[in-house]
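The values are calculated or read from the model by the stated rules, or taken from the named source; none is laboratory data. These numbers come from a predicted model, not from an experiment. Quick reminder, even Gly has a Cβ in these numbers, built from the backbone with ideal geometry, and neighbours come from all protein chains shown. Remember, those area values only see protein heavy atoms, side chains included, never the ligands or the DNA or RNA. Shrake-Rupley method; radii C 1.70, N 1.55, O 1.52, S 1.80 Å.
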Amino acid sequence: MPRSKPYLVIVEWLDSAQFSGWGDKEDVLGDDVLPCTSIGWLVSRDKVALHMAGSRCRKSRNEWCERHSIPMGCVTSLKFIKVEGRDAKSKTK
């Protein structure tokens, strides 16, 4: 379910790694997961996944771009970013 007021978040998470080709046991054991950091708008989260986006449409408030879903089991940290006046309209010259 989309949030009524979107929040900016910093998500730290672990991504799986895939390598093709032959390798011995030492090669396989050396294939670590990849620590990642994503910054964006939190669209929603539940027990299964965290859904975020890089951009949002301020006019409709229900349209998102650069969408990303991360399994909650991979999330290692979730930080909320306070944004002053995030819904305020700005004037440009």
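In this label model, Ser20 and Thr37 are separated by 3.2 nm, measuring between points 7 Å along each Cα→Cβ vector.
Overall form of the range 1-65: prolate. Here a/c, set by the Cα gyration tensor axes a ≥ b ≥ c, is 1.5 or more, and a/b is the larger of a/b and b/c.
Annotation note: GluC sites (Glu not before Pro) in the range 1-67 located in DSSP loop regions with a Cβ neighbour count of at most 15 within 10 Å are Glu63.
A 1.4 Å probe run over the range 1-76, with the rest of the protein chains in place, finds 75 Å² accessible per residue.
The packing ranking of peptides 33-39, 17-23, 45-51, highest mean first, is 45-51, 33-39, 17-23, where packing means the average number of other beta carbon atoms within 10 angstrom of each residue. Between Val48 and Arg67, the modelled labels are 1.3 nm apart [label points 7 Å from Cα along Cα→Cβ].
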